[in-house]
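First the structure, in the form of structure tokens, and then the observations on it.
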Amino acid sequence: MDSNVRARFTLGKQSSLNPEREDSHVVTDELDDSIAIDPGIKLMYLANDGDLDGIRELLDSATDVNFHDTDGRTSLHVAACQGRPDVVELLLERGAEVDVQDQWGSTPLADAIYYKNHDVIKLLEKHGAKLPMAPMLVQNAREVPEYEINPNELDFSNSVNITKGTFRSASWRGIQVAVKTLGEEVFTDEDKVKAFRDELALLQKVRHPNVVQFLGAVTQSSPMMIVTEYLPQGDLHAFLKRKGSLKLETVIKFALDIARGMNYLHEHKPEAIIHRDLEPSNILRDDSGHLKVADFGVSKLLKFSNRVKEDRPVAVTCRETSWRYAAPEVYKNEEYDTKVDVFSFSLILQEMIEGNPPFPTMPENEVPKAYIANERPLFMAPPKRYAFGIQELIQECWDEKPQKRPTFRQIIRRLKDINTRLMQTRSLKENPLCSCFQNLKALFTSERTNPGSRSSYSESK
């Protein structure tokens, strides 16, 4: 065969950036030794078949380990596509280029990711392979989003992990920020990539004092990141773990903060936003002591319908979700609406009063089954902690029938009324003279509006 004429390897899985090529078909199941085949193409066939001895024999005979066909494909591309870590290891040991690109720009790592060959991915990354592009990369500079942040501007030298999930602190343009990263190791998980895209789309839309502020994102390089305001006081989960049961005034204050943030999301136009993962670890505290709703990783938009449903059972796709706060209709993979967040809110409200999470002694995977059976956490705190209708509000919010649960607008109204009555009671306790004056005022008002009662008293004397 003329060494200047390169053949095309068409057997098996093809480039991740051109997997459906028309001439992608099986040429032969075995090599025919009677036919003169370029050693480089033969090497690709052997890599496809996983023939380690044959590969060693060819390489020992001076065959180029980095031979590429007319499409720029190498034996390492083939082994990565077919999911053969032993072949990949051998080729790399013999000097194969780890980040070689074919004519479409796909690397062995990109191929391994596309075909979900996890062992090969780990092996290539161990040898320094990097993704050549981010999944959201645009070709035209004019299409780069306005919110795009240069990753070189993010300083992680004094970074610490914050909250649950993939958040870290960083310095950006002189201020501290929180950064959520989608690492290269999870690019094979389509659900996580989709969740990242959805979260980014949501964060661009929201502006509210009780919702964490979106600052920008890294989408044109890998790894991709979302940058938000940094709240150094941590999350509500850590706060409750440290403080336990909170004062009723603090409970109502925090509950109003959460309800206001959630009401904004639910009444967002043109699409309502369902958080669907509302729990203490996703609620952050700012320096003024107020709470902000955060982490929209599994949120849903209500566009043209009033209800949504997961593409796949949430118990399988969202392992980071805490089932102690999830509504039963979500766990059962039924259609749901904004009322799933109301259910979660009721459990958080009760936890702030009790000082313990829902069903604290029950295994995590058993809690949703209890909710489905219409079991709810017990009210263990003294009755005065549930005064002014707080217990009734909680019970309405976790009703087994979603349509009977109140909206957050209604919840805010109820909480304001509870707060007013709580402040009045507190004021009377702190200033008993005020109570005396109020009683005298009431008596005087009664006498003015009903003078007959006074004359009757005088006549009786």
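Each reported figure results from applying straightforward, stated rules to the coordinates on display, with no laboratory input. Every value quoted in this text rests on a predicted model; they were computed, and no experiment measured them. Here the Cβ positions follow ideal geometry from the backbone for every residue, glycine too, while neighbour counts run over all protein chains shown.
Based on the mean of other beta carbon atoms within 10 Å per residue, what is the order of 155-161, 368-374, most packed first?
On the way: 155-161: 10.6, 368-374: 15.7.
Put in order of decreasing packing, that is 368-374, 155-161.
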**Prompt:** Hey, rough spin-label estimate for H208 and T250, points 7 angstrom out along Cα→Cβ, what's it come to in nanometres?
**Reply:** 2.4
**Prompt:** Roughly speaking, what is the stretch gain from S169 to Q391, that is 0.36 nm per residue apart minus the C-alpha to C-alpha distance, in nm to one decimal?
**Reply:** 76.1 nm
**Prompt:** Over the stretch 236-427, one equal point on each Cα, no solvent: what is log10 I(q)/I(0) by the Debye formula at q = 0.12, 0.13, 0.14, 0.15 Å⁻¹?
**Reply:** -0.55, -0.65, -0.76, -0.88
**Request:** Starting from the amide H of G216, placed 1.01 Å from N in the peptide plane, find each other amide H under 5 Å away whose residue is 5 or more places distant or on another chain.
**Result:** V227
**Asked** Past the 24 Å Cα-Cα mark, which pairs from K241/K292; K253/K384; K247/K429; K339/K369; K13/K180?
**Response** K13/K180
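Kindly put D53, D341, D417 in sequence by how many other C-beta atoms sit within 10 Å of each C-beta, fewest to most. Please report the intermediate quantities before stating the final value.
Details: D53 8, D341 28, D417 13.
The order, fewest Cβ neighbours first, is D53, D417, D341.
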**Request:** Extending each Cα 7 Å along its Cβ direction at D417 and R94, get the distance between those two points in nm, one decimal.
**Result:** 7.9
**Prompt:** FRET efficiency for R426 and F156, Cβ-Cβ distance as r, R0 = 51 Å, nearest 0.05?
**Reply:** 0.65
